[in-house]
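Inspection log for the structure reproduced underneath, given as structure tokens.
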Amino acid sequence: MQILQKSISLIAFYSILFFSISCQPKESETASTPVDVTELDLAYEKYQEKSITERRFKHADVIHLVKDRKGKFTVEEIGRSVEGKEIYQMTIGTGETKVMLWSQMHGNESTATMALFDLFNFFEGENDGLDELRNKLLEKLTIRFIPIVNPDGMDNWMRRNALDIDLNRDAAKLASPEAVILKNARDVFSPAFGFNLHDQQTYYTAGEVATPATISILAPAYNFETEINDVRKKAMQVIVGMNRMMEVVAPGHVGKYDDAFEPRAFGDNFQKWGTSTILIESGGYPNDPEKQYIRKLNFMIMLHAMEEIADQSFVNYSLDEYDAIPENATRLMDVMIRNLQMKKDSLSYPIDLGIRRREIDANGAFYVSGGIDDLGDLSIFYGYEEVDASGMEITVGKIYETAFAKVSDISGDKALELLKAGYLAVKVKEAEARELHGLPILVFKNATSIPFGIRTGGSPNFFLSKDGVLKYAIVNGYLIDLEKPMDKTYRMSVN
């Protein structure tokens, strides 16, 4: 009897042990095994489209990168914009699983479009050590691209189309020809997976932290209850794989959008119509104003996601990892000045000062206009650049008395020399209206005083000094360390 009881106990023990082990999630479901990005990095460096180095470009400047491919792609015009510009789709691959990617639905959101041009080059490559990856994608997938959905908005660098309609709020009514084209393209192709490619403002953070949400993602909801069906689940799982890759190259830089259902949006409706849809939004990254590094990240995550769709490796990912991606917060400023002591009459009080710069179109390009976005206790906000102004005070800048003939007569070194001497502005005798320049100093032709005001909406043009020594210049919202000036791109206009 004792032997029998011991046998039963042992059987029970091993049964419990086996059950416990078998119920543990698989390794692939729990452990964020680092993604090997060597191949992805190599592919980008080899196939980056070198003709594009800035994020603003016109339809006519790049449409040859769509039309004039080498033959691997099937390129078709699928319609025209409000102003009559061609909209193309490009198809490659012979696989059973259909994937559709569309970009620049908003005309001033071009980061992913640049990355698509890089991807086109990659797919046309051969005998480069990347054929195994390329052939797997082309054999397992049929991939369709619509690289520029809103060419009119693109040419005017504006979000909306020529009817002033937001195409991403036109999926239900289909008032715009571009919306009809996109809807028809989806209906004809019936893709299993869709990538909805956008840009977002650079002030999002990946949670309540200082880290920019360089890439934001979302598997959009398909109903107001934000339920998860098999279609949406697959989108979430693909996103988990993308986030794992990002954790290798840019850890902490992924945020997640709120998934409230928007019945007018294309992403939400693609999900509703049965396409597992992944939203990718390109945000900000330090010292990357033209989003060229973010372009590379787009290339890598799209290629990685397509590989995981091709080999179905995404299906083992747990939705817990999707849920763990931090939600976006709007917590960034371009410049944050901390602990600035202010005075008003007999009152002395400390503030933090948050500065943001906005882009203004001019002469076929743009300049920036800095403004004080907020002040007071900004302890929950962060800056791409920060300075602790403890013990410092504001010093008003001067205008250099001797006028230069024209902007080109002023060098960057001369501008810094004048800044260090307390001058925030120079004068020129000749200049075009709103002529653009890249100097770290204000340039006046008609203006006679430096705009300045420490208030919300005020112009951030002043010095920070300590014990009578100028330490920093704030010029149109740009922060310049006078002791250790850094190379920066300045975009300003003559006033």
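The values are calculated or read from the model by the stated rules, or taken from the named source; none is laboratory data. In this text the structure is predicted, and so the values were computed from the model without any measurement. Here the Cβ is made from the backbone with ideal geometry for all residues, glycine too, and neighbour counts use every protein chain on show. Surface accessibility is based on the protein's heavy atoms, side chains included, excluding ligands, DNA and RNA. Shrake-Rupley method; radii C 1.70, N 1.55, O 1.52, S 1.80 Å.
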If you check every pair at least six apart or on different chains, which have Cβ atoms under 7 Å apart with a residue in region 476-495 that is more than 20 Å from Lys445 (Cβ to Cβ) and open to solvent by 50 Å² or more (accessible area, probe 1.4 Å) first and a residue that is of a type outside the set (D, E, K, R) and in a loop (DSSP other than H, G, I, E, B) second?
Thr489/Pro289; Thr489/Gly438
Just to be sure, is Glu417 surrounded by fewer than 16 Cβ atoms within 10 Å (Cβ to Cβ), at pLDDT 95 or above and over 21 Å from Leu340 (Cβ atoms)?
yes
Considering only region 259-272, I want to know if a residue exists there that is without any contact (Cβ under 8 Å) to a residue 24 or more places away in the chain and not β-branched (Val, Ile, Thr).
no
Here is a list of conditions, (1) part of a helix (DSSP H, G or I); (2) surrounded by fewer than 17 Cβ atoms within 10 Å (Cβ to Cβ), and Leu303 meets all of them except one; can you say which number that is?
(2)
Picking from Asp268, Asp187, Asp258, Asp230, which residue would you name as being among the acidic types (Asp, Glu) and buried (at least 24 other Cβ atoms within 10 Å of the Cβ)?
Asp268
Can you confirm whether region 424-446 contains a residue that is under 30 Å from Pro350 (Cα atoms), among the small types (Gly, Ala, Ser) and either in contact with a His (Cβ under 6 Å, 6 or more places away or on another chain) or surrounded by 15 or more Cβ atoms within 10 Å (Cβ to Cβ) (or both)?
yes
Just checking, does region 210-231 include any residue being at pLDDT 95 or above, part of a helix (DSSP H, G or I) and not hydroxyl-bearing (Ser, Thr, Tyr)?
yes
In region 273-300, how many are surrounded by fewer than 22 Cβ atoms within 10 Å (Cβ to Cβ) and either in a loop (DSSP other than H, G, I, E, B) or free of Cβ contacts under 8 Å to residues at least 24 places away in the same chain (or both)?
9
Out of region 49-82, which residues are open to solvent by 60 Å² or more (accessible area, probe 1.4 Å) and in a helix (DSSP H, G or I)?
Ala60, Asp61, His64, Lys67
